[in-house]
Amino acid sequence: MSEKSTGILTRIYRFTRALFAMLGILFFIMIVSAVTGYYGHGTRWLASAEYSPDCDYILLLPAGAIPSPTMLMRAYKAASEWKKNPSAKIIISHLTKPPLLKSTIWSIRNELVFRGVDAKAILLEKKATNTGEHAKYIKEAGFGDPEKDKYLIVTSPTHIKRSVMAFKAVGFKHVYAAGAVGKATKEYLGGGRFIRYNVWYSLMHEIEMVREFVAIGFYILTGRA
C-alpha cells in the first residue's frame, strides 16, 4: 500500500474514532439528563407562552392524520378551549388536495364536531405544510384582524415557542398558546416502571427538544421568527 493510501486510511480512521467518541459522549449526556430530569429546563422554555381562553380564534396546528395520538390530543384540547369560549372560531391549517371529504383536514374537522364543536365555527386553511406557512397562509386567508384580534395556538408543548415566534414574525400581535398534553396514568404498571417507561419517555422528549432548538435556529436565520 502506498504512503498516500496509508495517510488517507489513517485520516478516515481518526475521523471515525472521533465521531463515535462524540456520539458516545452525547448519548451519555442524554442518558444522564433523562435519568435526572435536567432536560426539563429546555422543554419548559419551549412550552412557555402567555395563555388566554378569551380569544377570537383558536389555531389548531396539525400533527399528521387522525387518529394519530398527537393529533387526537390536539383536537381534544382545541375542542376543550372552544367550549370555554363558544364565540371563537377554530382554524385548521393543513395542505389539502381533493376530494375534501376524504382528506386529513376533513377528518380533523369531523373529530372536532364529534367532540362537540359547532361545525359552523370551524374554518379551513388548505395550503400550509409547516409552521411558518401556517402563519403566512392563515394571515393571507383573512381570518380575522392580526392587528386587533386574539389568537390561541393549540399544539404540542415543545412546539409552542416556535409557533408563537412564527405567527408574531408575520404580524400577529396578540398570540397565545395552549399545550395539548395528556396526564400520566396513576395505575400500577409493575416493577421497574422508572426504567421501562420514564427514561425512554424522557429520551423521546429530549429528541423533540433538540429538534425544536434546531428548527428555532433555522427560523431565526431565515427570518421566519
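Summary table
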read-out	value
For His174, residues with placed amide H under 5 Å, excluding near neighbours	Tyr151
Likely footprinting exposure, Ser52, Ser103, fewest C-beta neighbours within 10 Å first	Ser52, Ser103
Ile91 long-range amide H proximity, modeled H, under 5 Å	Ile58, Leu59, Leu60, Leu123
Among (i) 13.4; (ii) 14.1; (iii) 18.2, the entry derived from the coordinates for mean projected area of the Cα convex hull in nm²	(iii)
Under the span-like rule (Cα at least 20 Å along the axis, Kyte-Doolittle mean at least -1.0), DSSP H helices of the chain	3-36, 69-84, 200-221
Gaussian network model of the chain, Cα within-10 Å springs - most flexible of Met30, Met71, Met209	Met30
Residues Ile153, Ile138, sorted so that the one with the fewest Cβ neighbours within 10 Å comes first	Ile138, Ile153
Computed over the chain: relative contact order in percent, which uses C-alpha pairs under 8 Å that are six or more apart	24 percent
Rounded, prolate or oblate (a/c below 1.5 giving rounded, otherwise prolate when a/b exceeds b/c) for the stretch 74-140 by Cα gyration tensor	oblate
Given charges at beta-carbon only (K, R positive; D, E negative), |dipole| of the chain in Debye	340 debye
For Trp45, Trp82, Trp106, order by how many other beta-carbon atoms lie within 10 Å, fewest first	Trp45, Trp106, Trp82
Given charges at Cβ of Lys, Arg, Asp, Glu: the stretch 1-78 dipole, positive-most of Tyr51, Ile8, Ala78	Ile8
Residue-averaged [θ]222 nm for the chain, counting only DSSP H segments that reach four residues, each worth -39500 (n - 2.57)	-16000 deg cm²/dmol
Three-way shape label, the stretch 104-187, alpha-carbon gyration tensor, a/c 1.5	oblate
Set of lysines near Lys150 by C-alpha distance (under 26 Å), chain-local residues within fewer than 8 positions excluded	Lys77, Lys83, Lys84, Lys89, Lys120, Lys126, Lys127, Lys136, Lys139, Lys161, Lys168, Lys173
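Values in this text are rule-based calculations from the coordinates and carry no lab data. Everything numeric here is computed off the predicted structure, so don't read it as measured data. For neighbour counting, all protein chains shown are included, and Cβ atoms are generated from backbone atoms with ideal geometry for every residue, glycine included.
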